[in-house]
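Working notes for the structure below.
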Amino acid sequence: MIEALVEQIEARFAELESQIVDPAVIGDRLRYAEVGREYRRMGKANALAVEWRRAVDDAAGAREMLDDDEDSEVREMLETAKARIAELEEEIRVSMVDPDPNDDKDVIVEIQGGAGGEEGGLFAGDVYRMLVKYAERRGFKTEPLQVSDGKYTFAVKGDGAFSVFKWEAGTHRVQRVPATETQGRIHTSTCTVAVLPEAEDVDVHIEQSDLQIDVYRSSGPGGQSVNTTDSAVRITHKPSGVVVSMQDEKSQLQNREKALRVLRARLYEHAIAEQRAEQSAARSAQVGTGDRAEKIRTYNFGEGRVTDHRVKVTRYALEAILEGDLDEFTNALQADEKRRLLELQAASGS
């Protein structure tokens, strides 16, 4: 069974290696993007297949040596090879389960204060800084798109960004005494996080005739020209009703470019939601309503505790987590996804 799967991986990877340098494929942007994505995915599976063959060869060599000599080191070598083979077989099976096609994409993250009024907005800023630091710890590049009181939008760029940040989508709940609380009472507030795969030109085609673009004078604190010129941009996608506003940059052209990126990501996410309604991929399912009862994670300042309710993982390391130390949660969520994928694979194969 596993031998046949390894052969399938090797054959498909060889085929993709040929296609990715084929001038006919390179000349077709949509086809080239599709081949490129599969090539990267199959490259990881092929690396596992190569390691599996090496481990099988090591085990076979150790068995031959044991036939002639019951050396303890050789037996240990055999046991190590057998254990690694078992691990690789599971990893290979997971690698061939249909992945989330967006896992390799860059992302746009939108954070907004929810329940709790001003405190919800302040917590949104805390979560924004936490996620930016997490991105930097993981070696991703970040780009602020819109930063204002209670609402933060930024891009995360790097291979596999969506596979890491998709776990942050949802309602984050905080329990703490606000700075403005004079009687020391603990308040519960929330912010919502949406994680959108950043769409490429080949993913979403936007007709210019479908856009209504309005320019206006920026509001709020600004520098030399932010509030004195019509640099702010509001783009309305008329067929869907999606509206994106951007005013952080002094240049109308820069604000327009950023707004189009966010618009394209939102339209792409909406298209995915329509295709996968049964998987609750709609944006509203990601972020919920921001109500206190809805949460993916709770940050309790009094106890220094953070709990991820999806995988029942609790850490008493609040300060480190707010500095971007989120790997334990991400690893647990990825392991849970891996387990569910294997269960689905076993069910479909039975």
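The values are calculated or read from the model by the stated rules, or taken from the named source; none is laboratory data. Since this is a predicted model, take the numbers as computed values, not measurements. Neighbour counts run over all protein chains shown; Cβ positions are idealised from the backbone, glycine included.
Brief remarks follow.
- For segment 162-215, filtering for residues that are surrounded by 17 or more Cβ atoms within 10 Å (Cβ to Cβ) and among the acidic types (Asp, Glu) leaves 3.
- If you go through segment 96-127 and pick out every residue that is buried (at least 21 other Cβ atoms within 10 Å of the Cβ), modelled with pLDDT of 85 or more and under 19 Å from Leu196 (Cα atoms), you end up with 11.
- Test for Arg12: is it at pLDDT 90 or above, loosely packed, with under 15 Cβ neighbours inside 10 Å, part of a helix (DSSP H, G or I) and among the basic types (Lys, Arg): no
- Check on Ser163, of a type in the set (Gly, Ala, Ser), closer than 17 Å to Leu322 by Cα, touching an Asp or Glu at 6+ places or on another chain (Cβ under 9 Å) and at pLDDT below 95: no
- Qualifying residue in segment 144-160 (condition: assigned to a helix (DSSP H, G or I), touching a residue at least 40 places away in the same chain (Cβ under 8 Å) and over 18 Å from Thr307 (Cα atoms)): no
- Wholly enclosed helices (runs of 4 or more DSSP H) of segment 18-101 bearing at least 1 residues in the same structural domain as Gln8 (by TED's automatic domain parsing) and within 30 Å of Leu341 (Cα to Cα): 29-68, 72-95
- In segment 135-158, the residues that are in contact with a Phe, Trp or Tyr (Cβ under 9 Å, 6 or more places away or on another chain) and among the acidic types (Asp, Glu): Glu143
- Checking each residue in segment 45-71 for being crowded, with 17+ Cβ neighbours inside 10 Å and over 15 Å from Arg84 (Cβ atoms) picks out Ala45, Asn46.
- Leading residue by the ranking (nearest to Glu198 (Cα to Cα)) among those in segment 161-187 that are part of a strand (DSSP E or B) and among the charged types (D, E, K, R): Arg173
- Flag if Ile26 is in contact (Cβ under 8 Å) with a residue 40 or more places away in the chain and surrounded by 12 or more Cβ atoms within 10 Å (Cβ to Cβ): no
- Residue match in segment 76-90 (condition: small (Gly, Ala, Ser), more than 29 Å from Val164 (Cβ to Cβ) and touching a helix residue (DSSP H, G or I) at 6+ places or on another chain (Cβ under 8 Å)): yes
- In segment 72-95, the qualifying residues are those that are under 16 Å from Glu7 (Cα atoms) and either surrounded by fewer than 13 Cβ atoms within 10 Å (Cβ to Cβ) or acidic (Asp, Glu) (or both), and the one that is nearest to the chain's Cα centre (by Cα) is Glu91.
- Failed condition for Arg138, given (1) free of Cβ contacts under 8 Å to residues at least 12 places away in the same chain; (2) buried (at least 16 other Cβ atoms within 10 Å of the Cβ): (1)
- Selection status of Gly324, on the phi > 0 side of the Ramachandran plot and either in a helix (DSSP H, G or I) or of a type outside the set (A, V, I, L, M, F, W, C) (or both): yes
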